[in-house]
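The values are calculated or read from the model by the stated rules, or taken from the named source; none is laboratory data. Being a predicted model, the structure only gives us computed values, none of them experimental. Positions of Cβ are generated from backbone atoms using ideal geometry, with glycine treated the same way; all protein chains shown enter the neighbour counts. For accessibility, only protein heavy atoms count, side chains too; no ligands or nucleic acids. Shrake-Rupley method; radii C 1.70, N 1.55, O 1.52, S 1.80 Å.
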Amino acid sequence: FALAVVGIVLLLLIGLLFFIINKNKTIDLFNRIKLENEMQLNTLRSKIIPHFTKNVLSAIGHFAMTDRLKASHYISVFSKFTGLTLANADKNYVSLSDEIEYIKNYLELEKSRFADVFIYNIQVNDDVDTESIIPKMIIQLHTENALKHGILPKKSGGFIDILVSREADHLLL
(Lines give C-alpha, C1' and ligand atoms only; values in the text may rest on other atoms or scores of the structure.)
Protein backbone atom coordinates (compact mmCIF):
# COMPACT_ATOMS: atom_id res chain seq x y z
CA PHE A 1 0.00 0.00 0.00
CA ALA A 2 2.83 2.40 0.92
CA LEU A 3 4.50 1.69 -2.41
CA ALA A 4 1.30 2.63 -4.27
CA VAL A 5 1.06 5.94 -2.36
CA VAL A 6 4.70 6.75 -3.16
CA GLY A 7 4.02 5.93 -6.83
CA ILE A 8 0.98 8.21 -6.96
CA VAL A 9 2.89 11.05 -5.25
CA LEU A 10 5.75 10.62 -7.73
CA LEU A 11 3.32 10.71 -10.66
CA LEU A 12 1.70 13.86 -9.27
CA LEU A 13 5.10 15.51 -8.80
CA ILE A 14 6.17 14.58 -12.33
CA GLY A 15 2.85 15.92 -13.66
CA LEU A 16 3.28 19.16 -11.69
CA LEU A 17 6.86 19.53 -12.95
CA PHE A 18 5.69 18.96 -16.54
CA PHE A 19 2.92 21.58 -16.06
CA ILE A 20 5.38 24.18 -14.66
CA ILE A 21 7.87 23.61 -17.49
CA ASN A 22 5.10 23.89 -20.10
CA LYS A 23 3.73 27.05 -18.49
CA ASN A 24 7.19 28.68 -18.50
CA LYS A 25 7.65 27.77 -22.18
CA THR A 26 4.26 29.29 -22.98
CA ILE A 27 5.12 32.49 -21.11
CA ASP A 28 8.50 32.69 -22.89
CA LEU A 29 6.81 32.17 -26.27
CA PHE A 30 4.19 34.84 -25.48
CA ASN A 31 6.90 37.33 -24.44
CA ARG A 32 8.96 36.61 -27.55
CA ILE A 33 5.92 37.11 -29.83
CA LYS A 34 5.00 40.32 -28.01
CA LEU A 35 8.56 41.66 -28.43
CA GLU A 36 8.60 40.71 -32.13
CA ASN A 37 5.24 42.44 -32.67
CA GLU A 38 6.46 45.61 -30.94
CA MET A 39 9.63 45.61 -33.05
CA GLN A 40 7.60 45.17 -36.26
CA LEU A 41 5.25 47.97 -35.24
CA ASN A 42 8.18 50.28 -34.43
CA THR A 43 9.75 49.50 -37.83
CA LEU A 44 6.46 50.26 -39.55
CA ARG A 45 6.07 53.52 -37.63
CA SER A 46 9.58 54.64 -38.56
CA LYS A 47 8.74 54.12 -42.26
CA ILE A 48 5.31 55.77 -42.19
CA ILE A 49 6.20 59.14 -40.70
CA PRO A 50 8.98 60.26 -43.12
CA HIS A 51 6.98 59.31 -46.22
CA PHE A 52 3.80 60.90 -44.90
CA THR A 53 5.68 64.05 -43.83
CA LYS A 54 7.16 64.48 -47.31
CA ASN A 55 3.74 64.18 -48.91
CA VAL A 56 2.09 66.60 -46.48
CA LEU A 57 4.83 69.20 -46.87
CA SER A 58 4.44 68.95 -50.63
CA ALA A 59 0.69 69.61 -50.31
CA ILE A 60 1.32 72.53 -47.94
CA GLY A 61 3.85 73.91 -50.42
CA HIS A 62 1.18 73.78 -53.12
CA PHE A 63 -1.26 75.69 -50.89
CA ALA A 64 1.43 78.24 -50.04
CA MET A 65 1.48 79.14 -53.74
CA THR A 66 -2.29 79.01 -54.34
CA ASP A 67 -4.18 79.59 -51.09
CA ARG A 68 -2.27 81.07 -48.16
CA LEU A 69 -5.21 80.69 -45.75
CA LYS A 70 -5.38 76.93 -46.40
CA ALA A 71 -1.59 76.72 -46.15
CA SER A 72 -1.72 78.42 -42.76
CA HIS A 73 -4.49 76.07 -41.57
CA TYR A 74 -2.63 72.94 -42.66
CA ILE A 75 0.64 74.15 -41.16
CA SER A 76 -1.21 74.44 -37.84
CA VAL A 77 -2.69 70.93 -38.21
CA PHE A 78 0.69 69.53 -39.24
CA SER A 79 2.28 71.19 -36.21
CA LYS A 80 -0.21 69.46 -33.89
CA PHE A 81 0.29 66.15 -35.71
CA THR A 82 4.08 66.42 -35.44
CA GLY A 83 3.85 67.38 -31.77
CA LEU A 84 1.75 64.29 -31.00
CA THR A 85 4.09 62.12 -33.05
CA LEU A 86 7.13 63.34 -31.13
CA ALA A 87 5.42 63.24 -27.73
CA ASN A 88 4.43 59.61 -28.24
CA ALA A 89 7.48 58.43 -30.18
CA ASP A 90 8.81 56.23 -27.38
CA LYS A 91 5.42 54.85 -26.32
CA ASN A 92 3.76 51.66 -27.49
CA TYR A 93 0.46 52.58 -25.87
CA VAL A 94 -1.42 55.89 -25.65
CA SER A 95 -4.72 57.13 -24.31
CA LEU A 96 -7.74 56.83 -26.59
CA SER A 97 -8.09 60.63 -26.51
CA ASP A 98 -4.50 61.03 -27.81
CA GLU A 99 -5.12 58.46 -30.55
CA ILE A 100 -8.36 60.21 -31.59
CA GLU A 101 -6.58 63.58 -31.70
CA TYR A 102 -3.80 61.98 -33.75
CA ILE A 103 -6.23 60.44 -36.23
CA LYS A 104 -8.19 63.71 -36.61
CA ASN A 105 -4.98 65.53 -37.52
CA TYR A 106 -3.95 62.69 -39.83
CA LEU A 107 -7.27 62.77 -41.69
CA GLU A 108 -7.23 66.56 -41.97
CA LEU A 109 -3.77 66.39 -43.50
CA GLU A 110 -4.84 63.66 -45.92
CA LYS A 111 -7.86 65.77 -46.89
CA SER A 112 -5.44 68.56 -47.77
CA ARG A 113 -3.67 66.22 -50.16
CA PHE A 114 -6.78 64.58 -51.64
CA ALA A 115 -9.28 67.43 -51.76
CA ASP A 116 -12.92 66.26 -51.80
CA VAL A 117 -11.97 62.61 -52.34
CA PHE A 118 -13.32 61.51 -48.97
CA ILE A 119 -15.19 62.64 -45.91
CA TYR A 120 -14.89 61.23 -42.45
CA ASN A 121 -16.70 60.97 -39.16
CA ILE A 122 -15.26 60.06 -35.77
CA GLN A 123 -17.70 59.18 -33.01
CA VAL A 124 -16.82 58.14 -29.47
CA ASN A 125 -19.82 56.90 -27.52
CA ASP A 126 -20.55 58.58 -24.18
CA ASP A 127 -19.93 55.38 -22.17
CA VAL A 128 -16.31 55.16 -23.41
CA ASP A 129 -13.51 56.29 -21.12
CA THR A 130 -11.27 58.34 -23.41
CA GLU A 131 -8.37 57.82 -21.02
CA SER A 132 -8.42 54.08 -21.79
CA ILE A 133 -5.01 52.87 -22.95
CA ILE A 134 -4.74 51.39 -26.45
CA PRO A 135 -1.88 50.45 -28.81
CA LYS A 136 -0.43 53.53 -30.47
CA MET A 137 -1.50 54.10 -34.10
CA ILE A 138 -3.97 51.20 -34.09
CA ILE A 139 -6.70 53.41 -35.55
CA GLN A 140 -4.31 55.27 -37.85
CA LEU A 141 -2.99 52.10 -39.49
CA HIS A 142 -6.49 50.84 -40.30
CA THR A 143 -7.59 54.29 -41.44
CA GLU A 144 -4.58 54.64 -43.72
CA ASN A 145 -5.28 51.23 -45.25
CA ALA A 146 -8.95 52.13 -45.78
CA LEU A 147 -7.93 55.36 -47.49
CA LYS A 148 -5.12 53.96 -49.64
CA HIS A 149 -6.65 50.63 -50.63
CA GLY A 150 -10.38 51.30 -50.39
CA ILE A 151 -11.10 54.93 -51.20
CA LEU A 152 -8.27 56.33 -53.33
CA PRO A 153 -8.45 53.64 -56.05
CA LYS A 154 -12.14 54.47 -56.53
CA LYS A 155 -12.91 57.46 -58.71
CA SER A 156 -16.09 58.26 -56.76
CA GLY A 157 -14.42 58.88 -53.40
CA GLY A 158 -15.60 57.48 -50.10
CA PHE A 159 -16.48 57.82 -46.44
CA ILE A 160 -14.40 56.86 -43.41
CA ASP A 161 -16.52 56.22 -40.34
CA ILE A 162 -14.69 55.60 -37.07
CA LEU A 163 -16.84 54.53 -34.15
CA VAL A 164 -15.51 53.81 -30.67
CA SER A 165 -17.94 52.00 -28.40
CA ARG A 166 -17.87 49.82 -25.33
CA GLU A 167 -19.07 46.25 -25.01
CA ALA A 168 -18.75 44.89 -21.48
CA ASP A 169 -15.09 45.56 -20.57
CA HIS A 170 -13.86 45.82 -24.18
CA LEU A 171 -13.43 48.79 -26.51
CA LEU A 172 -14.73 48.26 -30.02
CA LEU A 173 -13.04 50.31 -32.72
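Hey, any idea what % of segment 66-173's accessible area is carbon plus sulfur with a 1.4 Å probe? If you can, show how the numbers build up before the last one.
On the way: 3310 of 6230 Å².
Here it works out to 53 percent.
Based on protein heavy atoms only, the chain ends up with 67 Å² per residue of surface accessible to a 1.4 Å probe. Note on surface exposure: 131, 108 rank 131, 108 by accessible area, highest first, 1.4 Å probe.
Shape summary of the chain, radius of gyration then Dmax from alpha carbon positions: 24.4, 96 Å. Length gained on full extension, residue 86 to residue 149: 20.0 nm, using 0.36 nm per residue less the C-alpha separation.
Using a probe of 1.4 Å on the protein chains alone, the accessible area found for residue 170 is around 110 Å². For the listed residue pairs 34/155; 80/148; 54/104; 91/111, the alpha carbons are over 29 angstrom apart in 34/155.
Going by accessible surface with a 1.4 Å probe and the largest first, 165, 156 read 156, 165.
Starting from the Cα gyration tensor of segment 51-137, take the square roots of the eigenvalues, sort them a ≥ b ≥ c, and report rounded, prolate or oblate (rounded when a/c is under 1.5, otherwise prolate if a/b is larger than b/c, else oblate). Each step should come with its number before you reach the end.
Numbers: a/c = 2.69, a/b = 1.72, b/c = 1.56.
Here segment 51-137 falls in the prolate category.
The relative contact order of the chain, computed from alpha carbon pairs under 8 Å that lie at least 6 residues apart in sequence, is 18 percent. Approximating the spin labels as points 7 Å out from Cα along Cα→Cβ, the residue 6-to-residue 38 distance works out to 4.9 nm. Per-residue surface analysis assigns residue 98 an accessible area of about 50 Å², computed on protein heavy atoms at 1.4 Å probe radius.
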